[in-house]
Amino acid sequence: MNTLYAGIGELVVSKSAQDELKTMALGSCVGVILLDPVNRIAGLVHVALPEASINPERAQRKPGSFADTAIPALLAEVRRLGWNGQSRVIIKLAGGATILDANNTFNIGKRNLLAVRKALWEHRLAPLAEETGDSISRTVVVSIATGKVRISTPGREDHYL
């Protein structure tokens, strides 16, 4: 098994059955998982912030950092691997928690989720499943071979999304 890691603001894609995609410590960040079961392609992006306008240079260098640039970048990468835009894709979301913001002063998790959903809607896509919110950190592992998405959270049993 080969693990491809998506750090903060990074995205990974694969169509190799020997690969799994992984991102760790999703707090207020949002993990966007795209699965194409027909072509057996998967993509994962670790979105940190809602809008690229706050740092256009970073958006150019690391488009996965912002919801409004991450979704188009993810779609471009899965197209590069063979998704033709015609076969149905499955979208899953994880993260968007309230971490280190007990008073909800900045609402980064909620703002990230809204921005991700908006970017998906602009491409006529919507999540099929989500595990979002709360005040927990999540690690996501996507199996290319099975298409399963495993969620790990400290102090809780692993489960599938």
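Derivation of every value follows stated rules applied to the coordinates shown; laboratory data play no part. In this text the structure is predicted, and so the values were computed from the model without any measurement. Please note: Cβ atoms are built from the backbone with ideal geometry, for glycine as well, and neighbour counts cover all protein chains shown.
For region 115-129, a residue qualifies if it is closer than 14 Å to CYS29 by Cβ and of a type outside the set (Val, Ile, Thr), and exactly one does: ALA115.
The residues of region 114-141 that are over 13 Å from ILE71 (Cβ atoms), in contact with a Ser or Thr (Cβ under 9 Å, 6 or more places away or on another chain) and not acidic (Asp, Glu), listed by number, are GLY133, SER135, ILE136, SER137, ARG138, THR139, VAL140, VAL141.
Can you find a residue that is in contact with a Phe, Trp or Tyr (Cβ under 6 Å, 6 or more places away or on another chain) and within 17 Å of ARG79 (Cβ to Cβ) anywhere in region 23-37? Talk me through it step by step, then tell me what you get.
Filtering region 23-37 for residues in contact with a Phe, Trp or Tyr (Cβ under 6 Å, 6 or more places away or on another chain) gives 36.
Those left that are additionally within 17 Å of ARG79 (Cβ to Cβ): 36.
Yes.
Consider region 1-20 and keep the residues that are charged (D, E, K, R) and not in a strand (DSSP E or B). The one that is farthest from PRO63 (Cα to Cα) is LYS15. ALA17 falls short on exactly one of the conditions (1) farther than 19 Å from LEU128 by Cα; (2) touching a strand residue (DSSP E or B) at 6+ places or on another chain (Cβ under 8 Å), and that condition is (2).
Among helices (runs of 4 or more DSSP H) entirely within region 51-161, having at least 2 residues that are surrounded by fewer than 21 Cβ atoms within 10 Å (Cβ to Cβ), of a type in the set (S, T, N, Q) and on the phi > 0 side of the Ramachandran plot singles out no element at all. Determine whether ILE151 is touching a residue at least 12 places away in the same chain (Cβ under 8 Å), of a type in the set (A, V, I, L, M, F, W, C), under 15 Å from VAL32 (Cα atoms) and in contact with a helix residue (DSSP H, G or I) (Cβ under 8 Å, 6 or more places away or on another chain). Here the answer is no, as ILE151 does not meet what is asked. No other residue among GLY82, GLY95 is in contact with a Ser or Thr (Cβ under 7 Å, 6 or more places away or on another chain) and touching a residue at least 24 places away in the same chain (Cβ under 8 Å) apart from GLY95.
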